[in-house]
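One structure is given below, encoded as structure tokens.
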Amino acid sequence: MSKVKICDIIFLVINMKSLNINDVKYEVIENVNDAIDIELLKDKITDYFNEFDYIVGDYAYNKLRLKGFNDKNNKHFKSINDINNLHKYIDEYCAYGCKWFCIKKITNKD
């Protein structure tokens with residue numbers, strides 16, 4: 001590995017704007033308290049999350065929890081998974097001050 005590649009990797013981690021996890025591209029929307037751990041995400045994101053536009057992760061008891069959210073124009077939309085309720089979900093279902101993140105799936109139409 002060359003020094004340039006090492007520097008590029010460090011730059012990407014510090015300034016993380018997009019991710020590629022299991023051959024799916026995501027844009028980082030929020031990363032509160034540096035919550036994103038790519039290695040954990042690779043193990044936790046399964047086919048179940050394919051129908052969601054967004055994936056939100058938070059940590060409870062040092063365990064990563066994931067929840068899917070959608071825009072209203074997604075055919076799988078349900079009000080419980082409305083991305084407009086993200087901050088309500090964080091306030092009501094996550095520990096106060098916890099580390100959390102939100103990533104958005106990048107599709108060809110984005």
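Is it the case that segment 77-89 has a residue that's in contact with a Cys (Cβ under 6 Å, 6 or more places away or on another chain) and under 18 Å from ASN31 (Cα atoms)? No, there is no match, as no residue in segment 77-89 is in contact with a Cys (Cβ under 6 Å, 6 or more places away or on another chain) and under 18 Å from ASN31 (Cα atoms). Among the residues making up segment 14-34, those that are more than 16 Å from PHE69 (Cβ to Cβ), hydrophobic (A, V, I, L, M, F, W, C) and under 11 Å from the mean Cα position of the chain (by Cα) are LEU19, ILE21.
For TYR59, indicate whether it is surrounded by 17 or more Cβ atoms within 10 Å (Cβ to Cβ), among the hydroxyl-bearing types (Ser, Thr, Tyr) and not in a helix (DSSP H, G or I). When the stated conditions are applied, TYR59 passes them. Here is the figure for segment 27-41: residues that are within 20 Å of TYR96 (Cβ to Cβ) and of a type in the set (D, E, K, R) total 2. What number goes with the only condition from (1) surrounded by fewer than 17 Cβ atoms within 10 Å (Cβ to Cβ); (2) touching a residue at least 40 places away in the same chain (Cβ under 8 Å); (3) assigned to a loop (DSSP other than H, G, I, E, B) that ASN31 does not pass? Looking at each condition in turn, ASN31 falls short on (3).
Filtering segment 37-54 to residues that are of a type in the set (A, V, I, L, M, F, W, C), under 20 Å from LYS78 (Cα atoms) and part of a helix (DSSP H, G or I) leaves only PHE49.
Taken together, the values in this text are just the output of simple stated rules run on the coordinates, not laboratory data. What you are looking at is a predicted structure, and each value in this text was computed from that prediction instead of being measured. Positions of Cβ are generated from backbone atoms using ideal geometry, with glycine treated the same way; all protein chains shown enter the neighbour counts.
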